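Following: one structure in structure tokens, then a few remarks.
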Amino acid sequence: MRGVIPVILFLSVGTLAQPYLWGTWTIPSESLAALPERAELLGIPIVRFTPEKADLVFVGATGEAELLNQNAFLYLDNDFFLMGIREGRWNTILRGSTKAAELVILGEGAPEPLSSLAILEALGLLPPEGVVELIQMEIPTKLPAPPAGIRLDPALWALVWHPDWFSFAQAQGLERLGLRVRVVAELCATLSEEWEPFIRSSSGALAELLLPIPLLPELGKDPAVRIVRPPYTPVPLGG
């Protein structure tokens, strides 16, 4: 702990039906490198994605159900992370990479996130100046269409920006594994080599990938992609 009490600035934009608080900043790479060790010292359970087996490895929990019932938990997937802290009726989520991190605070009633931010400070995840600026956002009531040039299914585009990836993926029937989601890319050419580590199978003009959620827009912008969508779920005929 640096002994600095974070200052929180709420910038309200009106009365919203499903509001949450959102902010973003850059986290130094050295802070992310030290994150697993600091989390273990604080007794925070950790789950890592292992690309070799496409599986999750848990430390301090037996599985995801137990992990998500803890007051704090940490997901790690190569350059990406997600830190979750439950405080009463409020959840604090910090997710991102060395390029950028976004803070989400969502719940009911008057927020009291100071102790959550104290945990983030102990983990070295807050801005060096100790000031967190948040704006009020709203969860869309309908799936937003992706911008031109980002060829994503609307559910996948909404997932990227949703404040709660886990609950939204479950509600939409998306297959999630840690911070990744299973998708199918319909192709008009060969995918760039950068996507090779994420491809699970391919056949003709289709490629199935297990992709970190923050990378979905980049895949949707690849010139070889017609559309990125969830896998089709077979529906049995008859009664």
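The values are calculated or read from the model by the stated rules, or taken from the named source; none is laboratory data. Because the structure is a prediction, the values reported are computed rather than measured. Glycine also receives a Cβ, built like all others from the backbone with ideal geometry; neighbour counts cover every protein chain displayed. What goes into the accessible areas is simple: the full protein's heavy atoms, side chains included, and nothing from ligands, DNA or RNA. Shrake-Rupley method; radii C 1.70, N 1.55, O 1.52, S 1.80 Å.
Accessible area per residue, 1.4 Å probe, Å², for segment 30-104: what's the number?
So segment 30-104 comes to 50 Å² accessible per residue, rounded to a whole number.
What is the set of long-range amide H partners of Leu152 at a cut-off below 5 Å, with H atoms built 1.01 Å from backbone N?
So Leu152 has HN proximity to Val228.
Applying the Karplus parametrisation 6.51 cos²θ - 1.76 cosθ + 1.60 with θ = phi - 60° to the phi angles of segment 195-207, what ³J(HN,Hα) value in whole Hz is obtained for each residue in order, glycine and proline being reported as x?
8, 3, x, 9, 6, 9, 6, 8, 7, x, 9, 10, 9
Check Ser202: other-chain or 5+ apart residues with amide H under 5 Å from its amide H, H built from backbone geometry?
Glu208
What list of ³J(HN,Hα) couplings, whole Hz, do you get for segment 146-152 from phi and the Karplus terms 6.51, -1.76, 1.60, once you set θ to phi - 60° and write x for glycine and proline?
x, x, 4, x, 10, 8, 10
Quick check on segment 148-223: take the gyration tensor over C-alpha atoms, sort the square-rooted eigenvalues as a ≥ b ≥ c, and tell me if it's rounded (a/c under 1.5), prolate or oblate. If you can, show how the numbers build up before the last one.
On the way: a/c = 1.98, a/b = 1.55, b/c = 1.28.
It comes out prolate by the Cα gyration axes.
Going by amide H atoms built from the backbone, whose H comes under 5 Å of the H on Val181, apart from near neighbours?
Distant-sequence amide H within range of Val181: Leu211, Ile213.
Which value, in debye to the nearest 20, describes the size of the charge dipole of the chain about its Cα centre when Lys and Arg Cβ atoms bear +1, Asp and Glu Cβ atoms bear -1, and nothing else is charged?
Working: 17 positive and 27 negative charges, 90 e Å.
Its charge dipole is roughly 440 debye.
In sequence order, what are the phi-derived ³J(HN,Hα) couplings for segment 218-230 according to the Karplus relation 6.51 cos²θ - 1.76 cosθ + 1.60 with θ = phi - 60°, rounded to whole Hz, with x for glycine and proline?
Once rounded to whole Hz, the list reads 5, 5, x, 8, 5, x, 7, 9, 7, 7, 10, 9, x.
How much accessible surface does Tyr75 have with a 1.4 Å probe, in Å² rounded to 10?
Around 0 Å² of this residue is reachable by solvent.
Provide Leu143, Leu68, Leu187 ordered by accessible surface of protein heavy atoms (probe 1.4 Å), highest first. List each step's numbers first, then the result.
On the way: Leu143 85, Leu68 45, Leu187 25 Å².
If we order Leu143, Leu68, Leu187 from most to least accessible, we get Leu143, Leu68, Leu187.
What is the Cα centroid distance between segment 85-158 and segment 17-84, reported in whole angstrom?
14
Given N residues in the chain, what is Rg(Cα) / (2.2 N^0.38 Å)?
Working: Rg = 18.8 Å, N = 239, 2.2 N^0.38 = 17.6 Å.
This ratio for the chain stands at 1.07.
Per residue, how much accessible area does segment 131-239 have with a 1.4 Å probe, in Å²?
Numbers: 5830 Å² over 109 residues.
Counting only protein heavy atoms, the per-residue value for segment 131-239 is 53 Å².
Compute the Kirkwood hydrodynamic radius of segment 23-99, taking the inverse of the mean of 1/r over all pairs of distinct Cα atoms, and give it in Å to one decimal.
Details: mean 1/r = 0.0764 Å⁻¹.
In segment 23-99 this quantity evaluates to 13.1 Å.
Scan the chain and report its longest stretch carrying no trypsin sites (Lys or Arg not before Pro) that are both in a DSSP loop and have at most 15 other Cβ atoms within 10 Å.
Result for the longest clean stretch: 143-239.
Of all the Cα-Cα pairs you can form in segment 86-201, what percent are over 23 Å apart? Write down the numbers at each step before the final one.
Numbers: 2992 of 6670 pairs.
Everything past 23 Å amounts to 45 percent.
At most 14 other Cβ atoms within 10 Å and a DSSP loop assignment: could you name the GluC sites (Glu not before Pro) in segment 132-239 that fit? Could the numbers behind the result be given before it?
On the way: sites: Glu133, Glu138, Glu175, Glu186, Glu193, Glu194, Glu208, Glu218; in loops: Glu175.
Taking segment 132-239 and a limit of 14 other Cβ atoms within 10 Å, the loop GluC sites (Glu not before Pro) found are Glu175.
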